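Peer 1: One structure follows; several queries about it will come next.
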Amino acid sequence: MKTVIIYFITTLISYVATIPPGPLSVYVVHSTLQKNISVAITVAVGGVLCESTYAYLAIKGLVIFDKYPMLAHWMQWAIIVLLFTVGLFTFFQQKQEIEYQSVSLKNPFFSFIKGISLSLFNPALLPFWVVILLAFDKYEWLKIVSPIQKISFVLGAGTGTFLLVYTYAFLANWKRDLIFKYITDERLNKLIACIFIGLALLQLTNLLMSL
């Protein structure tokens, strides 16, 4: 039962955290409009693979932290700085009009690789999942200890991202004007910025309370 809870909570967190559209979401929309929803899903799967990989690396990072407490201490400070930096940069980022990108993917393999490339160099993913794991660790019913629980966490991270990106693809296929009005809304940058800054503040508070 605990494994199922971890999976669904992680899926929900991943879904909500992906709502502010990034490069993967925007390209999935373009792929849906210019090609079809099947191509968009293939792109999404590549991006989901990266999301799951970062979630897995976050789990491995916690194992290392348990062995080397001082490394964990300094890594937590580094994560706080990174989250603050990403949050402030996103908050003050000037609004950019999102134009149609040319989608010329010849086969599913290239669609898959494109999805990976759009998610691979996201500096916020790893610290984000580390912070989530640290939060889980404070609750016995969410604390991840067994291999099956680790698998459920990784799958939940990927599932949430896929469901949200699929939602974008579905809406793009259904309401073209609506989805582009949504993803160009400047307030979404402010929303994701507040999420990252909030995570940084939460982590800073927990760290100061543990001193």
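All of the numbers you see were taken from the coordinates with simple rules; none came from a lab. For clarity, every value in this text was computed on a predicted model and none was experimentally measured. Quick reminder, even Gly has a Cβ in these numbers, built from the backbone with ideal geometry, and neighbours come from all protein chains shown.
Peer 1: By average Cβ neighbour count within 10 Å, what is the ranking of 159-169, 137-147 from highest down?
Peer 2: Final packing ranking: 159-169, 137-147.
Peer 1: What's the extension gain from THR85 to PHE110 if we count 0.36 nm per residue and subtract their Cα-Cα distance?
Peer 2: Separation in residues times 0.36 nm, less the Cα-Cα distance, equals 5.7 nm.
Peer 1: Next question, about the same structure. Measure off 7 Å from each Cα along the Cα-to-Cβ vector at ILE64 and TYR139, then give the distance between these two points in nanometres to one decimal.
Peer 2: Going from the ILE64 label point to the TYR139 one covers 2.8 nm.
Peer 1: When the Karplus curve 6.51 cos²θ - 1.76 cosθ + 1.60 is applied with θ = phi - 60°, which whole-Hz ³J(HN,Hα) does each residue of the range 148-155 get, with x for Gly and Pro?
Peer 2: With the stated coefficients, the range 148-155 comes to 5, 5, 5, 5, 5, 5, 4, 5 Hz.
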